[in-house]
1. Please go through (1) closer than 23 Å to Ser15 by Cβ; (2) assigned to a helix (DSSP H, G or I) for Leu84 and return the number of the only condition it doesn't satisfy.
2. Looking only at the stretch 89-134, count every residue that is of a type in the set (Lys, Arg) and touching a residue at least 40 places away in the same chain (Cβ under 8 Å) and tell me the total.
3. Every residue in the stretch 7-30 that is within 16 Å of Val135 (Cβ to Cβ), near the ligand (Cβ under 9 Å from one of its atoms) and aliphatic (A, V, I, L, M), please.
4. If I filter the stretch 24-63 down to residues being part of a helix (DSSP H, G or I) and among the β-branched types (Val, Ile, Thr), which single residue comes out as farthest from Ala92 (Cα to Cα)?
5. What residue, among those in the stretch 158-183 that are among the β-branched types (Val, Ile, Thr) and within 11 Å of the chain's Cα centre (by Cα), is farthest from the ligand (Cβ to nearest atom)?
6. What pairs can you find where one residue is in the stretch 176-201 and more than 19 Å from Leu89 (Cα to Cα), the other is part of a loop (DSSP other than H, G, I, E, B) and more than 10 Å from the ligand (Cβ to nearest atom), and their Cβ atoms are less than 7 Å apart, with a gap of 6+ or different chains?
7. Can you name the condition, by its number, that Ser218 falls short on among (1) within 21 Å of Arg82 (Cα to Cα); (2) more than 19 Å from the chain's Cα centre (by Cα); (3) of a type in the set (Ser, Thr, Tyr)?
8. Among (1) within 14 Å of the ligand (Cβ to nearest atom); (2) without any contact (Cβ under 8 Å) to a residue 24 or more places away in the chain, which single condition is Asn206 missing?
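Every number here is computed from the coordinates shown, using simple stated rules; none is lab data. These figures come from a predicted structure and were not determined experimentally. Cβ placement follows ideal geometry from the backbone for every residue including glycine, while neighbour counts extend to all protein chains displayed.
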Amino acid sequence: MKIMHVDASAKRERSNSRALSRYFLERLREERVDLEVDYLDVTVDTPPHVSEAFAIATYTPAQERTAAMKATLASSDALCRRLLAADALVFAMPMYNWSMPSAFKAFIDSVTRTGVTYVNSDDGRVVGQLVRQKVLFITSRGADLRAGSPYESMDALTPALKAAFGFLGVAEPTFVDAQPLQFANPEARAEALERARAELAGVAANWASRAKRIAHASVATTVDTHHEAVTLCQE
Ligand SMILES: Cc1cc2nc3c(=O)[nH]c(=O)nc-3n(C[C@H](O)[C@H](O)[C@H](O)COP(=O)(O)O)c2cc1C
């Protein structure tokens, strides 16, 4: 399974979202999933903010783009290729001021590309191209925004991620939200991390059994094809 793993916390060793995304990949390996990981830390390799040149180039039809426009779009093209090549996407990030870290927003701005990650069909529909990828969002939050909490209505992160990736074709992303991790007592924080790890172990088991089913189906197809070829040769 080819996974694109993206971290977005400004913190490093002390980051909960980074620790949880590592934990998830470890669980997948423990489930004996054959992993190929394409790692991106958007706080280190931050995609550029949208510039005027980008805004013009991205909506210019591909065949009409100048060399300068192509150069402007080159890093975004490369990022889109990485996204499209993955079988699964794991995005880990903290909540900052009720939404996503700006480095992750820059990532979204870079990979939302007309004619690349979404296409406009002849009948006027927008067709997202990330339809085959499994997608997991791991978010860490200082407050508790679960249903019933006073902060519930402040969650601008979940809808923003659903909208941005839904537009690109991601129909059913999985969310594991670790909360409350900061504005709570130590027991509540420890419980929140434990809950998140248990959820991640469940998602890893689910992805692993799907990966095994797909691998099994492709081996069966290969064996069938081989059997047919042998039978044809014998006839
Ligand atoms: C600049 C900044 C803004 C934050 N804004 C929020 C917020 O709006 N809501 C919230 O619940 N937590 C907020 N937090 C807390 C973090 O989401 C929380 O500590 C999270 O666990 C950090 O994840 P990390 O350990 O991976 O960096 C904020 C933290 C920082 C540094």
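1. So the condition that Leu84 fails would be (1).
2. Total satisfying the criteria: 3.
3. Ala8, Leu20
4. Within the stretch 24-63, the first condition is being part of a helix (DSSP H, G or I), and the residues that meet it are 24-30, 52-58, 62-63.
Checking the rest, the ones that are also among the β-branched types (Val, Ile, Thr) come to 56, 58.
Numbers: Ile56: 30, Thr58: 27 Å.
Among them, the one singled out is Ile56.
5. In the first step, residues of the stretch 158-183 are kept if they are among the β-branched types (Val, Ile, Thr); the result is 158, 170, 174, 176.
The next check asks that each one be within 11 Å of the chain's Cα centre (by Cα); those that pass are 170, 174.
On the way: Val170: 22, Thr174: 18 Å.
Top of the filtered list is Val170.
6. Short answer, once both residue conditions are applied: Gln179/Arg146.
7. (1)
8. (1)
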